[in-house]
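Q: My questions will all concern the structure given below.
The values are calculated or read from the model by the stated rules, or taken from the named source; none is laboratory data. Keep in mind the model is a prediction, meaning the values are calculated, not measured. Glycine gets a Cβ as well: all are built from the backbone with ideal geometry, and neighbour counts include every protein chain shown.
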């Protein structure tokens, strides 16, 4: 799992993975960013890795309307 990267384009094929209490880390998210309707999402995006490589990857993140998108991570490199 890679956490140090930059998203260089739009995120495509966005899907909701979990909502509310079905998110394993919901207590931590609420403590750090605030209470609200949290969702865990996944999508495909072009990313720039720390070594300068640009590739497509499946990324996951958490999102709440008032807090925005938080804690992006790469789950797998596609190409």
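Q: Can you confirm whether segment 17-33 contains a residue that is within 23 Å of residue 79 (Cα to Cα) and either free of Cβ contacts under 8 Å to residues at least 60 places away in the same chain or surrounded by fewer than 15 Cβ atoms within 10 Å (Cβ to Cβ) (or both)?
A: yes
Q: I would also like to ask the following. Just wondering, is there one or more residues in segment 33-42 that are more than 14 Å from residue 65 (Cβ to Cβ) and assigned to a helix (DSSP H, G or I)?
A: no
Q: With respect to residue 40, is the statement that it is more than 17 Å from residue 1 (Cβ to Cβ), under 15 Å from the mean Cα position of the chain (by Cα) and either at pLDDT 95 or above or surrounded by 15 or more Cβ atoms within 10 Å (Cβ to Cβ) (or both) true?
A: no
Q: Now a separate question. Please work out which one of (1) part of a strand (DSSP E or B); (2) surrounded by fewer than 13 Cβ atoms within 10 Å (Cβ to Cβ); (3) without any contact (Cβ under 8 Å) to a residue 24 or more places away in the chain is the condition residue 13 fails and give its number.
A: Of (1) part of a strand (DSSP E or B); (2) surrounded by fewer than 13 Cβ atoms within 10 Å (Cβ to Cβ); (3) without any contact (Cβ under 8 Å) to a residue 24 or more places away in the chain, only one is false for residue 13: (3).
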